[in-house]
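Here the structure is laid out as structure tokens; the discussion comes afterwards.
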Amino acid sequence: MKHDFEPKIVAFVCTWCTYAGADLAGTSRMIYPSNVRVVKFPCTGRIDPVFILKAFQKGADGILVSGCHPGDCHYMAGNFHARRRFAVFRKLLEFIGVDLNRLEFSWVSAAEGGKWVEIVTDLTQKIRKMGPLTQFTDLADEEQWSGALSNPELKAVYDQV
Amino acid sequence: MSRIGVFICHCGENISRTVDVEQVAQAARQMTGVAYACDYKYMCSDPGQTLLKKAVAEHKLEGIVVAACSPRMHEKTFRNAAQAAGLNPFLCEMANIREHCSWVHDDRAEATTKATDIVRMLVERVRKNKKLVPITVPVTKRALVIGGGIAGIQAALDIADCGHQVVLVEREPSIGGHMAMLSETFPTLDCSQCIMTPRMVDVINHPRITLHTYSEIECVDGYIGNFSITIKKKARSVDMAKCTGCGVCMEKCPQKKIPNEFDKNLGFRPAIYVPFPQAVPNTPVIDREHCTKFINGKCGVCQKVCGPGAVDYEQQDQLVVEQVGAIVVATGFKLYDITEKPKGSAIKGYGEFGHGKIPDVIDGLTFERLASASGPTGGKIVRPSDGKEPKQVVFVQCVGSRAREKGISYCSKVCCMYTAKHTMLYKHKVHDGQAYVFFMDARTPGKSYDEFWRRAIEEEEAVYVRGMVSRVYQKGDKVVVMGSDIAVGVQVEIEADLVVLATAIQPRDGADTLAQKLGISYDKYNFYSEAHAKLRPVECATAGIYLAGACQGPKDIPDTVAQASAAAAKVMTLFSKDQLEREPIVARVNEKFCVGCLACKKVCAYGAVEEKEIRDRQGNLIRVVAYVNPGLCSGCGTCQATCPSKSVELDGYTDEQVMAMLDTL
Amino acid sequence: MNNSTEKAEQAVTIDISGYDVATAEIRSEAKRLLTEKIVDAVVGYQAGRRKGSAVPVIITDPAQAEKLLFSPACVNNLSIYLTKAKKEIRAKGKLAVVAKGCDLRALAGLVGESQFKREEVVIIGVSCAGVHRAGIQPGEPLTNSTIAKKCRECSVHIPDEADLVVGKLPPLPDLPPKEKELMEKLDAMTPALRWEFWKEQFTRCIRCLACRQVCPFCYCEQCLCDRGRPQAVDTSPRPSGNMGWHIVRAMHLAGRCAGCAECERVCPMDIPLNLLNRKMAEELKELYHYEAGMKPVEKGPLTSYDEKDDQSFIK
């Protein structure tokens, strides 16, 4: 089936659980959309919020961060640290005005090939409906402050500062 | 780096069926830095690898991307091939176009596009790869075992028998631990001392075991392969070199009424004593707290009667430093003392059971001493209060264990079995006696275990009442046990002569302080944590430290011995090479930019980050930076994601490598 | 200040007579500390060139103690002088520092991040009713319209954990919070509108990096955002890089920022930077019950974890 818009999805995954889960989806010949590009890390603990920012700036329409279930981390606590880091980073992006539907987090174990397929498929479909993410890429084209605020409510708040 | 070779595998038809491999190769040739690209039917085959090696030489390749299956499958194969071709193996990367592409997508055009993208990402990555060399750490082939119970003894003997030096440290004056206190052991009812004492003797006679009893770990420095241990040898007041173990001092000591801890205070011992007759070493120690000489200076009998002149009142605590390469922690357990609510503990205590107030309410270990042929009663089961033989004995299981509301939610694992054993030992000694057991569940998995428990009920006529005990109180010379029988749904009251509580197993006092010295982690109960519950059950997360026995969780003797041997095997694996070789995927600190906020240290689960002082030539401290010990780092990279300035970088997964991949989006 | 609530608010003058008490006490304490050689230098405030203004000063001579003062113009957070970024000051030896409640929180944070040891520094805490906001003529009275936004919502008027607390706190008027109100308004908007808001704010940014210069927690030797290989954030003052810079900054300060709002005060483009930090602080409180305090803590909320942390956002 062809779609009007095929989003770019980037998945940041840990090598021990989610990458292996995605491998299992492969060996099980489960079919899913081809939009996702996987970047492998030893652990979700290594995944820096800056990477998410960078991926958005480089044109990713949706991002997935996925690692081992709590308690299963190969490095004991990397995913616990990541969980906090991303809980906070999400809140920051939300406040800045990024639609959090574009940023997904999951725990996918090495045995959960099916879950990997489901998560990637759902995310792809969701982002297809949402359309491209232009916030960050548009910024790159802008040279300076436009000075124009379209919304009166916003203008009021803006002036309040 | 700009001469990259890209090798695209067909994997028979596994890849080429869905991915147009020639098109991918064509696209790869256009990528920046790619000097050569080709496709081949089976890259992993001998001809495939030969093709790769030839291409490296012919095209002077400086990096390789093999687009094939998952790196989990063949990364090692191709890195070895790269190495054989004269490249650093870490300059070879795999692009997973099978599991992550050809097998999961059915549209040929889409799959080809994706495969090309994956190759592009990996080409960019490999251009930023650096040569990495495996890390080697020298190994001191000498082990420290902490704890001289059955776990420590087993581990020490196994390691020593394998030809390595072992230092065994025991806190008490004798090794033996709890097992030496037991009467008979389940499920075979063989005498504990009969199987234990020969092993103790093996330890002291072993040419490769250095034994430090009455000693504690003062401090631990270093890391895997290279620990430096400071041991505090407490003053024994007896010169071990001179003492012959004749025992005259103990006989002549006028202080004879000191409760004997080994006998759970049922018997007495002198102020100069060995804990039990078969003690190893058989050298007495002076209990300075109770010795008249130390209290007011008005004695000195033992010194006078000692032929070899071994008694030394002036002896001081002594610090000994031992260098070892591995540590086995086998500090064992203690029983939950329900006499009173422990101070500052979440544990609520069992005041309602009268332990400590009613003399005939005892715990399981006390019963062991009563039943032991070498115990204070010579194996005769009597009541502590009046020495009479109890005719009705009530055993209560799960006292402390599995009682979340009381502060401990775990199962102590051994109580079901030892209570069943107690009922049998009792029946064997008091033929007309009756044993009752209050229990919640009987947990008897294990070889011959359930049969053993059934035997207690079916042949030895123990009466098992399923239910909880609410109160225990003294009534005349009887001890009344009030409880419920939930099977029948009635309240039960039993007038017992003796009540035995199967109290919970807890880690030894000070388990947490020792863990802090060792840098190992422990759970909320202070049981030591293994690195992985399933796959690394005897290793600590801190490299080079291993666990054996009940310090890691409640365990019976066979499990303890098995775990101790497993820990010993891990130590021997470590000692099998002169140098420990580790993957070079470790974090490194850029000392120039590190400002020493030590966030990396806070998030490191392996204790691999240390503080490093940077000094000028005059030795003045300039600043403190973080230092990652490559011997301990496991390469998770959490430190780097946490470091605000990225002054710590994980080799093999640097920001530069990741960003290069993202730049291809 | 053309906001409607502002107009409705009656003029309230805040009694700052306690600041004179503080000034006297700071002087005598500084003199004592220097005379008795308990410290080698005192970091405090002195009068600036314009009447009524105040600037940071470092004195080493007890005779200079008379120069020290505390007034509504003492806006600076002096804790930055104790970070490793200011090596020359640390080199003077043992230091005493004058700190308002908000500054003390920063000091506590810096101790937690091993920037100095608590026992190495004598902290002279000041009971503070508030200081001027940016752009106020020196010497103006402290009123509801001249007070800094952060002070309206201050919860740390008295720096309890200081070695010594000087001054006297007057009865504090009940000032309606502004930052909180603004935050609520933004929270109520759609993400798209919020983006529009921040985009307009950040695109004005000229990347002078005064916010970084003045931040007690931006003490890195090399800022990630200055790095070229790899470049995390575009370094030119254009919309894309600006957005990146402010997001990375807010993330790096999350769980560390002590809320002194110096970044916002010094911003020449009047970008409400503290709003971001404040938002992060609120989220950390909500998620992990963490609040920056006056006592150093071993681990911050983002260098620790709890196995039971919320993960409702994770599939």
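The values are calculated or read from the model by the stated rules, or taken from the named source; none is laboratory data. Predicted model only: the values in this text are computed from it and were never measured. Heads up, the Cβs are rebuilt from the backbone with ideal geometry, glycines too, and the neighbour counts pull from every protein chain shown.
Overview of values
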quantity	calculated
Residue that is surrounded by fewer than 24 Cβ atoms within 10 Å (Cβ to Cβ), of a type in the set (Lys, Arg) and farther than 30 Å from residue A:116 by Cα, where the choices are B:76, B:54, B:41	B:54
Residue list for region B:510-544, filter: of a type in the set (Ser, Thr, Tyr) and either surrounded by fewer than 17 Cβ atoms within 10 Å (Cβ to Cβ) or within 12 Å of the chain's Cα centre (by Cα) (or both)	B:513, B:521, B:522, B:528, B:529, B:542
Residue check for residue B:444: touching a Leu at 6+ places or on another chain (Cβ under 7 Å) and crowded, with 16+ Cβ neighbours inside 10 Å	no
Count - residues of region B:225-242 that are in a loop (DSSP other than H, G, I, E, B) and surrounded by fewer than 21 Cβ atoms within 10 Å (Cβ to Cβ)	6
Residues (over 16 Å from residue B:507 (Cα atoms) and touching a helix residue (DSSP H, G or I) at 6+ places or on another chain (Cβ under 7 Å)) located in region B:171-186	B:175, B:176, B:180, B:181, B:182, B:183, B:184, B:185, B:186
Among residues of region A:143-153, those that are modelled with pLDDT of 70 or more, under 11 Å from residue C:203 (Cβ atoms) and surrounded by 14 or more Cβ atoms within 10 Å (Cβ to Cβ), counted	0
Candidates A:133, A:123 - the one that is part of a helix (DSSP H, G or I) and either in contact with a Leu (Cβ under 9 Å, 6 or more places away or on another chain) or closer than 21 Å to residue A:6 by Cβ (or both)	A:123
From C:161, C:200, C:196, residue being of a type in the set (Asp, Glu) and in the same structural domain as residue C:97 (by TED's automatic domain parsing)	C:161
Residues of region B:653-665 that turn out to be touching a residue at least 12 places away in the same chain (Cβ under 8 Å), within 10 Å of chain A (Cβ to nearest Cβ) and not in a helix (DSSP H, G or I), as a count	3
Count - residues of region C:257-283 that are assigned to a loop (DSSP other than H, G, I, E, B) and away from chain A (no Cβ under 11 Å)	6
Region B:558-605 - residue that is among the charged types (D, E, K, R) and more than 14 Å from chain C (Cβ to nearest Cβ) and, of those, nearest to residue B:176 (Cα to Cα)	B:559
Subset of region B:358-413 that is of a type in the set (Ser, Thr, Tyr) and over 30 Å from residue B:527 (Cα atoms) - its residue that is modelled with the lowest pLDDT	B:374
Check on residue B:37, away from chain A (no Cβ under 14 Å) and part of a helix (DSSP H, G or I)	no
Top-ranked residue in region C:171-194 [being surrounded by fewer than 17 Cβ atoms within 10 Å (Cβ to Cβ) and over 17 Å from residue A:160 (Cα atoms); ranked as farthest from the other protein chains (Cβ to nearest Cβ)]	C:171
Residue list for region C:295-315, filter: touching a residue at least 60 places away in the same chain (Cβ under 8 Å) and more than 14 Å from chain B (Cβ to nearest Cβ)	C:295
Set B:214, B:223, B:273: member being among the aromatic types (Phe, Trp, Tyr) and on the phi > 0 side of the Ramachandran plot	B:214
Selection within region C:183-219 - in contact (Cβ under 8 Å) with a residue 40 or more places away in the chain, under 14 Å from residue C:246 (Cα atoms) and aromatic (Phe, Trp, Tyr)	C:198, C:202
Candidate set: region C:195-222, residues that are over 30 Å from residue A:153 (Cα atoms) and of a type in the set (S, T, N, Q); chosen: the one nearest to the other protein chains (Cβ to nearest Cβ)	C:222
All strands (runs of 3 or more DSSP E) inside region B:265-372 with 1 or more residues being surrounded by fewer than 16 Cβ atoms within 10 Å (Cβ to Cβ)	B:318-324
Residue list for region A:88-113, restricted to those being under 23 Å from residue A:15 (Cα atoms), modelled with pLDDT of 95 or more and of a type in the set (S, T, N, Q)	A:106
Subset of region B:619-652 (residues that are assigned to a loop (DSSP other than H, G, I, E, B), at the interface with another protein chain (Cβ under 7 Å from one of its Cβ atoms) and under 30 Å from the mean Cα position of the chain (by Cα))	B:634, B:635, B:636, B:637
Helices (runs of 4 or more DSSP H) wholly inside region A:10-97 containing at least 2 residues that are more than 7 Å from every other protein chain (Cβ to nearest Cβ) and over 25 Å from residue C:201 (Cβ atoms)	A:18-27, A:78-96
Sole residue being charged (D, E, K, R), closer than 24 Å to residue C:257 by Cβ and within 18 Å of the chain's Cα centre (by Cα), chosen from C:212, C:207	C:212
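A quick yes/no check of all residues on (1) assigned to a strand (DSSP E or B); (2) farther than 25 Å from residue A:74 by Cβ:
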| residue | (1), (2) |
| --- | --- |
| B:570 | no, no |
| B:581 | yes, no |
| B:585 | no, no |
| B:593 | no, yes |
| B:597 | no, yes |
| B:600 | no, no |
